[in-house]
Amino acid sequence: MKIGLSTANYFPEMNTEDMIDHYGALGIDSVEIFLNTYSEMEEGFIAMLRDRCDRYGITVNSVHVMSMIMEPCLFDLLPRRRQDFLKLFRNTLRCVRGLGSDIYTFHGVPRNMADPRYYDHLAGCYDELYELSGEAGVRLAQENVAYLASGDPAFLREMKSRMKQRMLHTFDIKQAIRARVNPYDFLEVLGEDLINVHLNDHNATDNCLLPGRGTFDFSAFFRHLQAMGYAGNGILELYRQNFKDEADLMAGSRILTDAAEAIWKK
């Protein structure tokens, strides 16, 4: 299991391309890239990011996009609007592949659409998204986001039971804590469909902290992932206020790397 860093860690302090330079100078060799706006999804910009990653020997583990603007409309009840946003979705898949990755970290359905009346519609939309992703060589990884439908394990179970395609997942520890769901209970729902993990610490009062600043047992967590047969990587994803500087960030990353290597090298 390789530990990488998200470019979102420095949002909004640095632009995405500057984050690649910054991480490259620090010797980081695995990242999740967050594309923050439409101009960052243009072909030339993607090519420039890929060139910078290649220059530093950085592998793009996964790609995130400005999900609140686009992704809810992929489940819209109005067919015309949904079809228009599917064009943007196809472009997003192109961006993921253009960056050399095959994982698209996905937020998805708003909570106000998680109504049993719409379940068949939503499952059908998911099936189409997963089919398009597969055709593009991308693994769509539904993240558990506390303020969205995916923050509820029961919703994910319902969708997985109705879908024809296989729903894959990104699991984020802090999002489970925010949703007041035990992380291990969430992992039970995701099972072998887990392909990407966002790592962060927490304690009784703060749901997102730098590793080592909270009480989460990463060694136990990694042992659990190994027992599940997890074969993916881990991405340290924080908010800018969660660390002081790059030395702080790298210390947190080292804690994760040491814990992971102790498990996976046995």
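Each value in this text was obtained by applying a stated rule to the coordinates, not by laboratory testing. This one's a predicted model, so the numbers in the text were calculated from it and none came from an experiment. Note that we place each Cβ from the backbone using ideal geometry, even for glycine, and neighbour counts take in every protein chain shown.
Miscellaneous remarks
- Per-residue extension of 0.36 nm, minus the Cα-Cα distance of HIS121 and LYS265, leaves a gain of 47.4 nm for this segment.
- Within segment 6-66, the proportion of Cα pairs with more than 15 Å between them is 41 percent.
- In segment 36-96 the Cα-Cα distances spread across 5 Å bins starting at 0 as 4, 17, 25, 21, 15, 9, 6, 3, 1 percent of all pairs.
- At most 14 other Cβ within 10 Å, DSSP loop - chymotrypsin sites (Phe, Trp or Tyr not before Pro), segment 95-171: TYR147
- FRET efficiency for the ARG94 to ASP21 pair, using the beta carbon distance and R₀ = 25 Å, is estimated at 0.55.
- Where only C-alpha atoms are counted, convex hull volume of segment 1-123 per residue in Å³: 117 Å³
- Rounded, prolate or oblate (a/c below 1.5 giving rounded, otherwise prolate when a/b exceeds b/c) for segment 135-266 by Cα gyration tensor: prolate
- Using a simple spin-label model with pseudo-atoms 7 Å out from Cα toward Cβ, GLN83 and ALA231 lie 3.9 nm apart.
- Long-range lysine pairs (8 or more apart or interchain), the chain, Cα under 24 Å: 7
- Tensor-based shape of segment 101-212 (alpha-carbon gyration tensor, a/c under 1.5 rounded, otherwise prolate or oblate): oblate
- Most simply put, the chain has about 5% antiparallel DSSP beta bridges, counting only bridges with both residues inside it.
- Over all distinct Cα-Cα pairs of segment 205-266, the Kirkwood formula returns a hydrodynamic radius of 12.5 Å.
- Relative compactness, the chain, computed as alpha-carbon Rg over 2.2 N^0.38 Å: 0.97
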